[in-house]
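Novice: Below is a structure I'd like to ask you about.
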Amino acid sequence: MADDLNADPLTGLEETPEEVAAANTLVSRLSVVVFLEWLGAGAVLPLLPIYLRQHGATTGFVGLTMSAFFLAGLVSQFPAGRAADRTGKRPVLLAGLALYAMSSAAFLLPINTVWFLVLRFLQGGAAGAVEVAALALVSATIPLARRGRAVSRIFSAQLAGTAIGPILGSIVGVSHMGILFLTTALLCCVAAVPVITSSSIKAHDIRLDHHEPLLKIVASRALVGAVLAGAALGVGVGVYESTWTLLMSSKGASAFQIGLSWTIFSIPYVVLVRAGGWMADHMDRRVLAISGLFASLVFLCLYPFIPSVTLLLVLPGIEAIGFSMALPAIQGLLTQGRQPQELGRVQGIFATSQTAMIALTAAISGALFGLGHAIPYVASGVVMALFLVGVVIAWAPISGRAVVPQIQDGS
């Protein structure tokens, strides 16, 4: 079994040192792609609502435009995964990067507010396609025994981009948003270069013959549990997207402190997710994922009852430890036992479940916050707990270890 865990997913044979090096090169190239895309996206994101207001959008329309990003991800991620299984992951990556570049550059055109919403929707669909294709390509290339560490590099690159991007955006400022839109488009173009030129990406991508049927996806316990875990993560993210700034403001936090709280979460995650990937490859991934989700649930319910701004600055950094353990472990269980030809759709199902809960929770939490600051946090905590119970039930009978310890002969 240990040999199977170290086998190349495409050939079923144990990897040679050259194949290991080529696979690691692929992960490095994809990490650069993801980092560049989210560096540009992160630079624009914090200033975009202000830019939209300056161009005549109402407050309600600004909220609708920002939510269009998640809505697009919701409707595009599974189709993108299906396309990745049919035509290959590389074409989907290139299409996503090209669409993000064009929709970003289009913000420079003399357009009305309705087109802002359309462009934001296109950006969300493009970002969803790139995420699904990148994770599917990694999962199809890296054996299960090393998959946690490989996936953690993608997540680390993504969050590093979203952590550094807003800093660059704040330096440029909202008065020069044209520069940021153009920079985002150029970064996506640069990100496409390794996808086009990398021999490792070309060699590890597969595509079906036009007439060859897609493999049917079987709803295994590992898949069901991972999808429920993704939904649970989406609940937490949705609450924070919608109400964290409002909660911090209600406690008397300054704009700088609010921004700092997001950075404090991001930095430990970027640093520790690689360790989380190693743990997912060497420990019981069920325990890691469930522990991380439970920790997030506890923090989610505690935040509205903490009066200290200082504590609200520190605790997200501690919560990030749980996130860094949970995500690589969930990805390992999600892709466990899957064929390379179905990983696009599997990643699409997972991403759709997470995005759906982000969008739904974000939409509801804003209204609930108006009724009481603690209500959206406690209510979301209850929903997250129900998902977590489902995760435990789904994963209880299955093996959670990516590497089976070898029994030593004592004779």
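Quick note: the coordinates plus some simple rules give every number you see, no bench work behind them. Owing to the predicted nature of the structure, the values given are computational and were not obtained by experimental measurement. Heads up, the Cβs are rebuilt from the backbone with ideal geometry, glycines too, and the neighbour counts pull from every protein chain shown.
Novice: Apply the Karplus parameterisation 6.51 cos²θ - 1.76 cosθ + 1.60, with θ equal to phi minus 60°, to every residue of the stretch 224-235 and state each ³J(HN,Hα) to the nearest whole Hz, in sequence, with x for glycine and proline.
Specialist: Values per residue, Gly and Pro as x: 4, x, 5, 5, 5, 5, x, 5, 4, 4, x, 4 Hz.
Novice: Residue by residue through the stretch 347-361, which ³J(HN,Hα) values in whole Hz follow from phi under the Karplus form 6.51 cos²θ - 1.76 cosθ + 1.60 (θ = phi - 60°), with glycine and proline marked x?
Specialist: Ordered by residue, 3J(HN,Hα) equals 5, x, 5, 4, 5, 5, 5, 5, 5, 4, 6, 4, 5, 5, 5 Hz.
Novice: Could you check the spin-label model distance between Thr197 and Val309? Points 7 Å from the Cα along Cα→Cβ, value in nm.
Specialist: Here the answer is 4.8 nm between the modelled labels.
Novice: Another question about this same structure. Roughly speaking, what is the stretch gain from Ala21 to Arg221, that is 0.36 nm per residue apart minus the C-alpha to C-alpha distance, in nm to one decimal?
Specialist: Extra length from Ala21 to Arg221 when fully extended: 68.8 nm.
Novice: Could you work out which residue, out of Leu137, Leu371, Leu182, moves most in a Gaussian network model of the chain, that is, has the largest mean-square fluctuation with Cα springs under 10 Å?
Specialist: Among Leu137, Leu371, Leu182, the largest mean-square fluctuation in the Gaussian network model of the chain belongs to Leu371.
Novice: Using the Kirkwood radius built from alpha carbon pairs, what does the Stokes-Einstein equation give as D for the stretch 219-401 at 25 °C and 0.890 mPa s, in µm² per second?
Specialist: 147 µm²/s
Novice: Oh, and also: Using only alpha carbon pairs under 8 Å that are at least six residues apart, calculate the relative contact order of the chain and give it in whole percent.
Specialist: 27 percent
Novice: Please report the spacing between the Cα centers of the stretch 181-203 and the stretch 134-148 in Å, no decimals.
Specialist: 20 Å
Novice: Give the value in nm², to one decimal: projected area of the alpha carbon convex hull of the chain, averaged over all directions. Could the numbers behind the result be given before it?
Specialist: Details: hull surface 83.9 nm².
Result: 21.0 nm².
Novice: Using 0.36 nm times the number of residues separating Ser175 and Val298, minus their current alpha carbon distance, what extension gain do you get?
Specialist: Stretched fully, the Ser175-Val298 segment lengthens by 40.2 nm.
Novice: Can you quote the Å³ per residue value for the convex hull of the Cα atoms in the stretch 1-208, rounded to an integer?
Specialist: 111 Å³
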